[in-house]
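For reference, the structure discussed in these notes is given below.
The values are calculated or read from the model by the stated rules, or taken from the named source; none is laboratory data. Small disclaimer: the values here were computed from a predicted structure and weren't measured. Positions of Cβ are generated from backbone atoms using ideal geometry, with glycine treated the same way; all protein chains shown enter the neighbour counts. Heads up: the accessible areas ignore ligands, DNA and RNA and are worked out on the full protein's heavy atoms, side chains in. Shrake-Rupley method; radii C 1.70, N 1.55, O 1.52, S 1.80 Å.
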Amino acid sequence: MTLILAHCSSFCNKARDKLKILYWDKTGFALWYKRLEKQKFKWPSKVSNQVFELTEQQLAWLLSGYDVVGHDPLHYESVI
C-alpha cells in the first residue's frame, strides 16, 4: 500500500488493538480502520508531546507491528 499523504491524523484506542487514520483524498475525508485480532499496535506511550510526525516508512512499520517512536535514538562511534 503506497500512502501519498501530506497530512493525516491517527488514533488508537486504549486497548491498542484498533487504529483509525483520517486523511483527505481530494474529494473528501476518508477513514482507514484496522483492528487486530490477537496483537496490539506498538503505539507510543512515553511520548511527552501528544502530536508527533511519522514518515511514510515509520507509518508502514507501525501498521506492521514495529515500535517506531517508543525508544531513544541510537548513536554509534567508529572504533577504527
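Some observations on this one:
- Pair list, Cβ < 9 Å and 6+ apart or interchain, from the range 19-38 residues that are hydroxyl-bearing (Ser, Thr, Tyr) to residues that are not in a strand (DSSP E or B): Tyr23/Leu3; Tyr23/Leu5; Tyr23/Ala6; Tyr23/His7
- Selected residue (only one of Glu77, Glu53, Glu37 is of a type in the set (D, E, K, R) and at pLDDT below 80): Glu53
- Note on the range 18-39: among residues that are under 13 Å from the mean Cα position of the chain (by Cα) and not basic (Lys, Arg), the one that is most open to solvent (accessible area, probe 1.4 Å) is Tyr33.
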